[in-house]
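Notes for the one structure printed next.
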Amino acid sequence: MLRTNTAFLQFVEQLFEDKQAGNAIQLKSFAAGAHLIRQGSIISQVYIIREGITKCYIAEDNGKDYIFEFLGTGEITGELEAINKGACLSNITALTPVTVFTIPHNRFMALLRSYPEFNELLLKVLAARIYQTCIRTSYQQLYPVEYALLRLLSLEASQQTFFSKKDMAAYLGISVRSFNRTLKDLREKNILDKEGLNIDLSKEQLEQMIKRFEDA
């Protein structure tokens, strides 16, 4: 749900501290709600999140958003555009105040050629995205919305983050109306508290319920 990458961030911070290797790397801040990247635009920099949370999403022609992922500390964005030299595939918007490292495209490509460790870290990022996308697609296709929402809420609680209903619905690929209907069903079953989005079960009870969905 919220992706982070400590190893990638540590390597970029080391480059930033190296005056020769990191001479083109800069720090930049964005307020909550600001766009780091706009879908369809042409950018000239790669961004590595140092602090804060963003969402990566596609805006459809019908006005609806589809959220691919929430990105946190150490995650990289804009690397595909640097490699493919094309327009941005998605939007990246700050959900909290965000600080990023920026690397110009030409310097980013030079770092990939010069530092095998940097190259390997990026390959691991891309491989992890494919793996996580496959896992997410499978549970959205195979299990009911209740299961996906419980997984989402349990992850939100464990990571101590907060996302709006609209963003959670967009992440699950459903309408806000369907999202609210699912919340109502879970409250009627005494799984969620009556007012908020807190799971009203012990950790053991929640694990047993999720397992029942998976074994069904």
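The values are calculated or read from the model by the stated rules, or taken from the named source; none is laboratory data. Every value quoted in this text rests on a predicted model; they were computed, and no experiment measured them. Backbone-built Cβ (ideal geometry, glycine too); neighbour counts: all protein chains shown.
What pairs can you find where one residue is in the range 188-213 and free of Cβ contacts under 8 Å to residues at least 12 places away in the same chain and not assigned by TED's automatic domain parsing to the domain that holds Leu152, the other is surrounded by 12 or more Cβ atoms within 10 Å (Cβ to Cβ) and in a loop (DSSP other than H, G, I, E, B), and their Cβ atoms are less than 8 Å apart, with a gap of 6+ or different chains? Partner pairs satisfying both residue conditions: none exist.
Residues in the range 1-53 that are free of Cβ contacts under 8 Å to residues at least 12 places away in the same chain and crowded, with 17+ Cβ neighbours inside 10 Å: Gly22 alone.
Against the criterion of being in contact (Cβ under 8 Å) with a residue 12 or more places away in the chain and small (Gly, Ala, Ser), Ser164 does not qualify. Inside the range 138-184, residues that are at pLDDT below 80, farther than 16 Å from Asn198 by Cα and not aromatic (Phe, Trp, Tyr) make up a count of 4.
Strands (runs of 3 or more DSSP E) fully within the range 1-70 that include at least 3 residues being β-branched (Val, Ile, Thr), modelled with pLDDT of 90 or more and not assigned by TED's automatic domain parsing to the domain that holds Ala169: 45-51. Would you say Ile83 is among the β-branched types (Val, Ile, Thr), out of contact with any Pro (no Cβ under 6 Å at 6 or more places or on another chain) and within 21 Å of Met109 (Cβ to Cβ)? It is true that Ile83 is among the β-branched types (Val, Ile, Thr), out of contact with any Pro (no Cβ under 6 Å at 6 or more places or on another chain) and within 21 Å of Met109 (Cβ to Cβ). Might you let me know whether the range 153-169 holds any residue that is part of a loop (DSSP other than H, G, I, E, B), of a type outside the set (D, E, K, R) and outside the structural domain of Met209 (by TED's automatic domain parsing)? No, because not a single residue in the range 153-169 is part of a loop (DSSP other than H, G, I, E, B), of a type outside the set (D, E, K, R) and outside the structural domain of Met209 (by TED's automatic domain parsing).
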